[in-house]
Amino acid sequence: MTDTPHHPVYLIHGWAANGRVFDGLRPLLPAHWQVHTPDLPGHGGAPFAGAFDIETAADELADGLPEGSDVAGWSLGGLVALHAAHRHPHKVRRLCLTASFAKLAAAPGYPQGLARPALHKMLPLFTQDYAKYMRQFLELQLLHTPEARQIVDALLPDIVRHGTPAALAAALEAAERADARALLPHIRQPVLLVYGGKDGITPPRMGGYLQEHLPHAETVVIDQAAHAPFLSHAAEFANLLARFFG
C-alpha cells in the first residue's frame, strides 16, 4: 500500500488555523502520496454546530479516512489525531504528532504541562483582528527562518480567507480541558514525535511525556524550531515524514 499511488496521508491543523497552513509543506512530500488537509469543525470552511468536542472531531476525521491511513497532527490537531488512532485503530497505520500534547495544563504528577497555557492570551487577539494576529503568530514561529516573510505572505491570505474561526473559543476550551494521558499505553501504532526546541506553547518536555508513555514512539527535536516545525523547517519535516510514513 505504501508504495502505490494510493498512499493516503492526512495532515491535521492546529487551533485557530486550517488545512491551508500545510500549503508550503505539500509540494515537498512524496509525489505518490494522496495528501489531504481537512479542516477541523468550525475552522476554515468546516461547519460548526456550536460545540467542539475532541472525541467527536476524532470520529468525524476517522469517518473520512481509508483503512491504513497515515496521519500527522499539529498541536490541537495532534490531540484529535491521537484520539482517532485510539478509537479507530484500523484507520490509522502510523501517527506523527508535532508540537502536540496529552494534556496542556500542569497537574499533580504532571509537571510537563504549563502553569499558564499561552494560547489563552491569543483568544481575544484573534477575535479582535484575526488576520493581523495570525500574521504575528506565524512570524513568531518563523523567528529564526531567513525566508519568514515570503512564507507568511504566501500562506496568510488563504489561512484567513474564512475570517475568525467560529470554533475559536470552544476549541480552545476543549484543548485546555482535554486529558489523553490514560489513552497513551493503548496506542499500538508507531508514533513519530516532532518538537521545536524553542517552542514555548508546547515545549519539548510535553513530547518527553508522550515518548515515555507511548509503547512505540520516537522523538525528534528540531533545535531552532518553535511551535510550527513544518513551517520553519519544512524540508527537514517533510524528510522525517517521508522516512516514517514510507
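Each label point is 7 Å from the Cα along the Cα-to-Cβ direction; what then is the distance between the points at L123 and E236, in nm?
So the two model labels end up 3.3 nm from each other.
Rounded to the nearest Å, what's the spacing between the alpha carbon centres of the stretch 67-142 and the stretch 1-62? Just the number, please.
Between the Cα centres of the stretch 67-142 and the stretch 1-62 lies a distance of 13 Å.
For a quick check, take a GNM of the chain with Cα springs below 10 Å and name the residue from Q136, Q150, Q34 with the largest mean-square fluctuation.
Q150
Relative to the present Cα-Cα distance, how much length would full extension add between E55 and R26 at 0.36 nm per residue of separation?
Extra length from E55 to R26 when fully extended: 7.8 nm.
Any idea how far apart Q136 and D158 come out in nm if each label point goes 7 Å out from Cα toward Cβ?
Taking the two extended label points, one gets 2.6 nm.
Rounded to the nearest percent, how much of the accessible area of the chain (1.4 Å probe, protein heavy atoms only) is carbon and sulfur?
The C+S portion of the solvent-accessible surface of the chain is 53 percent.
Which of the lysines could a cross-linker bridge to K91, judged by Cα under 28 Å and excluding same-chain residues fewer than eight apart?
List returned: K103.
Run down the lysines and flag those whose C-alpha is under 27 Å from the C-alpha of K132, throwing out any fewer than 8 positions away in its chain.
Leaving aside lysines fewer than 8 places away in the same chain, those within reach of K132 are K121, K198.
Just the Cα atoms of the chain, one point each, no solvent: what log10 I(q)/I(0) does Debye give at q = 0.08, 0.18 Å⁻¹?
Computed log10 I(q)/I(0) values: -0.26, -1.58.
Given 0.36 nm per residue, what is the gain on full extension from R243 to L143 after removing their alpha carbon distance, in nm?
Once the chain is fully extended between R243 and L143, it gains 33.3 nm.
Taking the convex hull of the Cα atoms, report for the stretch 1-106 its projected area averaged over all directions, in nm².
Mean shadow area of the hull around the Cα atoms is 6.8 nm².
How about the stretch 124-209: which GluC sites (Glu not before Pro) there are in a DSSP loop, with at most 14 other Cβ atoms within 10 Å of their Cβ?
E147
The values are calculated or read from the model by the stated rules, or taken from the named source; none is laboratory data. In this text the structure is predicted, and so the values were computed from the model without any measurement. Cβ atoms come from the backbone with ideal geometry, glycine included; neighbour counts cover every protein chain shown. Surface areas here come from the heavy atoms of the whole protein model, side chains and all, with no ligands, DNA or RNA. Shrake-Rupley method; radii C 1.70, N 1.55, O 1.52, S 1.80 Å.
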